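The values are calculated or read from the model by the stated rules, or taken from the named source; none is laboratory data. These numbers were taken from a predicted model, which means no experiment stands behind them. In this analysis, Cβ positions are derived from the backbone assuming ideal geometry, glycine residues included, and neighbour counts consider all displayed protein chains.
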């Protein structure tokens, strides 16, 4: 073969090599199992409202509507009294239940300074008796009695209470000036047994309160999984139940019940925890709720997003054009994502870039700042098109290969809150307020980028 033919052959080989499409071997994919979500300790507030009217009505019925009594003495003061009460006014304020009894009284009195017993054993007043009255044969005088009850709940859900007289007041006092007689003291003394009975009756009815059936239903509800469209099932997983506070408003008692729980999401119905209501226990902190869930973003949809962001972008490297036609995301190598870049221009073909996805909490963007040519692509380009290994190509792809997930996070937040708040019935109403939601971890499998999202906020259960 002459020299001319050799040179011609070499030129033809080089031209053929230059025209051949660049196609490195595809990376070998390995999938790391997705680590399980570890449930966070959370709390749910469940304000339980109890209407006490029926219980207090029983106490009201047990108290006599009227009282009569008195004392007859030969010397000194003799008196007769009558008392009529109005319905008892019950009013809860803050941590105390108060009771007010308005009523009317009448009292008639007579006074004898000295008696003689010469004529009979009953005695005779040495001077004519002095008579006077208040609220007799005239409008009865007004008086008011008030009580306060402190109430607590034992660990077995039974109630304990302590009722005490707070005030005994004659609104229209009976003034006696010409002899010493304590009308208020005498009335209070005579009414004392009845007032004490009222205290005992009130305590008895309070102790008869039974909140356990309502809390048992609440606990049972918390044990049931809540279907959340698109995400699966929200499992409350209650652990303990406690009482944060007990307050009163009018004739209603409001128990701020706190349930500690370890909520989680599952794709199918999980094994139900025990539905037996445990005894009340101390739950120290109000943790609100924190729930982790996984959102799957398919490589196909992400590939379309990236391709649209870079399709037909032309990068000039020493007058050589590198035109990005499309990019496909795929697979995983040690939790590194692979970008299959199809290109045209000076040369045609595709190459592989690999890198770990990273998340910026400030911008809510997922990007690949450590993107590099995979080993097979780099070795092939070194032999066939070294100019494509230029850092400028890599920098532009790094800059544009990013996803802003702000809308996805907001949509997830609204969707979760809406779906949770759908769970209500004639007895219970579940309310959720999701305050924060953000991505905490990124995992990869052979079909998806898996974004582990943590939500936090408040959940309450109103018992109707």
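Quick notes on this one:
- With respect to the conditions (1) over 17 Å from residue 400 (Cβ atoms); (2) out of contact with any strand residue (DSSP E or B) (no Cβ under 8 Å at 6 or more places or on another chain); (3) outside any loop (DSSP other than H, G, I, E, B), residue 308 lacks only one, and its number is (1).
- Yes/no for residue 339 being in contact (Cβ under 8 Å) with a residue 40 or more places away in the chain and not in a strand (DSSP E or B): no
- Flag for residue 361 being touching a residue at least 24 places away in the same chain (Cβ under 8 Å), loosely packed, with under 14 Cβ neighbours inside 10 Å and under 29 Å from residue 441 (Cα atoms): yes
- For the range 1-58, residues that are part of a helix (DSSP H, G or I) and modelled with pLDDT under 75 total 17.
- Test: residue in the range 84-101 that is modelled with pLDDT of 80 or more and over 17 Å from residue 251 (Cβ atoms): yes
- Remark: residue 199 falls outside the filter, which requires a residue to be under 18 Å from residue 101 (Cα atoms), in contact with a helix residue (DSSP H, G or I) (Cβ under 8 Å, 6 or more places away or on another chain) and in contact (Cβ under 8 Å) with a residue 40 or more places away in the chain.
- Checked against the criterion of being in a loop (DSSP other than H, G, I, E, B) and surrounded by fewer than 13 Cβ atoms within 10 Å (Cβ to Cβ), the range 182-202 has at least one qualifying residue.
- Selection from the range 70-89 of residues that are in contact with a helix residue (DSSP H, G or I) (Cβ under 9 Å, 6 or more places away or on another chain), outside any loop (DSSP other than H, G, I, E, B) and surrounded by 15 or more Cβ atoms within 10 Å (Cβ to Cβ): 77, 79, 81, 83
- On inspection, residue 259 fails the criterion of being touching a strand residue (DSSP E or B) at 6+ places or on another chain (Cβ under 6 Å) and part of a loop (DSSP other than H, G, I, E, B).
- Helices (runs of 4 or more DSSP H) (entirely within the range 357-464) containing at least 2 residues that are closer than 28 Å to residue 225 by Cα: 406-421
Residue by residue, here is whether (1) closer than 30 Å to residue 91 by Cβ; (2) surrounded by 16 or more Cβ atoms within 10 Å (Cβ to Cβ) holds:
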| position | (1), (2) |
| --- | --- |
| 222 | no, yes |
| 231 | no, yes |
| 237 | no, yes |
| 243 | yes, yes |
| 248 | yes, yes |
| 251 | yes, yes |
| 260 | no, yes |
| 263 | no, yes |
| 266 | no, no |
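- All positions within the range 281-323 that are within 18 Å of the chain's Cα centre (by Cα) and either more than 30 Å from residue 262 (Cα to Cα) or surrounded by 17 or more Cβ atoms within 10 Å (Cβ to Cβ) (or both): 283, 289, 290, 291, 292, 293
- Scanning the range 74-116 for residues that are farther than 23 Å from residue 59 by Cβ and without any contact (Cβ under 8 Å) to a residue 24 or more places away in the chain returns a single hit, 116.
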